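For reference, the structure is listed below as structure tokens.
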Amino acid sequence: MSYRRVALIGLGLIASSMYWAMKRTGAEVHVTGYARTAETRETARRIGLCDEVCETAEEAVQGADLVVLAVPVGAMGRVAETIAPHLKPGCTVTDVGSVKRSVMEAVGPFMPEGVHFVAAHPMAGTEHSGPESGFAQLFDNRWCLIVPGDADEAATAALETFWRSLGANTERMEVDHHDLVCAVVSHIPHLIAYTMVGVADDLARVSDQEVIKFSAAGFRDFTRIAASDPTMWRDVFLTNKQATLEILGRFTEELFALQRAIRTGDGDTLFEYFTHTREIRRGILQAGQDTSAPDFGRIKVDK
Ligand code: NAP
């Protein structure tokens, strides 16, 4: 790792996982941290998260070679404005936000001359949040998308090396393509889960107890996803409006087509559709992107 001092701004799931993953490398790196509330800073101190927990973001970034913005997407710009005058010349600022265009537009203008801003997005997470939810293995074999825009090549390459040292694979992506890809693979699936859990809650004919008692894998997975942090996901949809609305349009078209097939008893259409989606699932397992799945080993053997 080429960074000797790293500052984590925001001490939630992603930042705390980064801290434990950095320490796992055994590299000599001094990590400072800052969180908005005294409660989170206290928790961080209690569990030994960061070598030093600072009372202000300005203090945390002093002398840092790498500054990581790990706050909700909607808060990135304000944090960048606060820390900008205190950044070490030549340092790299990065973020971990789930949306890239809005973050780059919010943060970029505040970056002083000589400071490199390289946007990034680790494609890893859980439904848990806060400083106590992080763990060192979160990024293992997951993708971290690097969205350099016109950032300095050496700074970009150093950030890629950093993420690989935390266990992730890296890939560079153009900003709008990133936001579209994430709308498909992450943002809309979350919206569907939120909606489905909301629908079940609205169905007065199915009691709460029945929903909990009989929730087999499908619905249980939805409830897990729908437990994700409301602030984070509110910001994702507000800032990735164009791509999420585009994919949502496509989704409703497909849903109507399936609805029609069910109404008209068109079994062939349903069978073909489900066969195709099963292939997609097998592709994900074979790419090693869901090693926790109970069908992981079986599908690998079947292939
Ligand atoms: P988290 O666990 O909820 O932690 C968020 C942190 O940001 C907390 O330290 C919180 O401080 C701070 N914060 C919240 N609102 C703030 C504000 N208005 N101003 C300054 N600080 C604020 O979140 P996370 O899951 O680590 O997510 C952090 C970033 O990673 C987000 O941009 C998210 O899009 C991205 N991301 C998340 C996932 C995921 O699955 N969770 C995956 C990839 C990327 P307090 O605790 O003091 O309030």
Inset, instruction - Find the helices (runs of 4 or more DSSP H) located wholly in segment 189-264 whose residues include 2 or more that are over 25 Å from Ala124 (Cβ atoms), open to solvent by 50 Å² or more (accessible area, probe 1.4 Å) and in contact with a Lys or Arg (Cβ under 8 Å, 6 or more places away or on another chain), and list them. - result: none
Legend entry - segment 58-114 - residue that is closer than 15 Å to Ala151 by Cβ and charged (D, E, K, R) and, of those, surrounded by the fewest Cβ atoms within 10 Å (Cβ to Cβ): Glu113
Inset, instruction - Filter segment 130-183 down to the residues that are assigned by TED's automatic domain parsing to the domain that holds Asp65, touching a residue at least 60 places away in the same chain (Cβ under 8 Å) and of a type in the set (Gly, Ala, Ser), then identify the one that is farthest from Val93 (Cα to Cα). - result: Ser133
Inset, instruction - Among the residues of segment 133-153, write down those that are within 12 Å of the ligand (Cβ to nearest atom), more than 17 Å from Arg24 (Cα to Cα) and in contact with a helix residue (DSSP H, G or I) (Cβ under 8 Å, 6 or more places away or on another chain). - result: Cys144, Leu145
Legend entry - Near pairs, Cβ below 6 angstrom, 6+ apart or cross-chain, from segment 42-61 (in contact (Cβ under 8 Å) with a residue 60 or more places away in the chain) to any residue that is of a type in the set (Ser, Thr, Tyr): Leu49/Ser16; Leu49/Tyr19
Legend entry - Candidate set from segment 118-132 (those that are out of contact with any Lys or Arg (no Cβ under 8 Å at 6 or more places or on another chain) and not in a loop (DSSP other than H, G, I, E, B)); member that is farthest from the ligand (Cβ to nearest atom): Val118
Inset, instruction - Six or more apart or on different chains, Cβ under 8 Å: which pairs go from a residue in segment 72-83 that's among the hydroxyl-bearing types (Ser, Thr, Tyr) to one that's more than 6 Å from the ligand (Cβ to nearest atom) and assigned to a helix (DSSP H, G or I)? Could you list them? - result: Thr82/Ala57; Thr82/Glu58
Inset, instruction - Please work out which residue is most open to solvent (accessible area, probe 1.4 Å), limiting yourself to segment 265-285 and to residues that are more than 30 Å from Trp143 (Cα to Cα) and part of a helix (DSSP H, G or I). - result: Phe271
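The values are calculated or read from the model by the stated rules, or taken from the named source; none is laboratory data. Since we're looking at a predicted model, the values are computed, not measured. Cβ sites come from the backbone with ideal geometry, for glycine too, and all protein chains shown count toward neighbours. Accessible surface areas use protein heavy atoms only, side chains included; no ligands, DNA or RNA. Shrake-Rupley method; radii C 1.70, N 1.55, O 1.52, S 1.80 Å.
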